Amino acid sequence: MISEKNYNEWDEAKPHTYKINFNQSILPPQIEDFPELDQLGKFTRSAHKIWLVETTIPEIETFSRCFVAIMKKHHVPTENYTIYSQPTSKV
């Protein structure tokens, strides 16, 4: 049986994928305009108005709070986007 500490270390080490949908935004922001996002993970644009992020932050609530703080710093209204958890693919 795996200990809680070992499980938490494993869970934090594996990548977690979140999708950020900017459908409510007239013009979606550009990833390059937010250099602080590098602290949260690797961001890519997967489609028009949709970003994907690979991060080691396992809880979507924690990731969301950090992301919202960065967006608010740049005056991006929170109602312009929605954050979803993406299932990770098995290798």
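The set of residues from the range 12-34 being closer than 16 Å to Gln86 by Cβ and either assigned to a helix (DSSP H, G or I) or in contact with an Asp or Glu (Cβ under 8 Å, 6 or more places away or on another chain) (or both) comprises Pro15, His16, Thr17.
Against the conditions (1) in contact with a Leu (Cβ under 8 Å, 6 or more places away or on another chain); (2) of a type outside the set (A, V, I, L, M, F, W, C); (3) loosely packed, with under 10 Cβ neighbours inside 10 Å, Lys19 satisfies every one except (3).
Within the range 39-54, residues that are more than 15 Å from Tyr81 (Cβ to Cβ) reach partners that are polar (S, T, N, Q) and outside any strand (DSSP E or B) with beta carbons closer than 8 Å, at six or more positions or on different chains, in the pairs Gly41/Thr56.
This table checks each residue for (1) at pLDDT 95 or above; (2) within 11 Å of Tyr18 (Cβ to Cβ); (3) assigned to a loop (DSSP other than H, G, I, E, B).
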site	(1), (2), (3)
Glu36	yes, no, no
Thr44	yes, no, no
Leu52	yes, yes, no
Ile70	yes, no, no
Val76	no, no, yes
Ser89	no, no, yes
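Given the options Lys19, Lys42, Lys14, name the one that is out of contact with any His (no Cβ under 8 Å at 6 or more places or on another chain), closer than 16 Å to Arg65 by Cα and of a type in the set (Lys, Arg). Exactly one residue qualifies, and that residue is Lys19.
The values are calculated or read from the model by the stated rules, or taken from the named source; none is laboratory data. Since the structure is predicted, the reported quantities are computational estimates derived from the model, not experimental observations. As a convention, Cβ positions derive from the backbone with ideal geometry for all residues, glycine included, and neighbour counts pool all protein chains shown.
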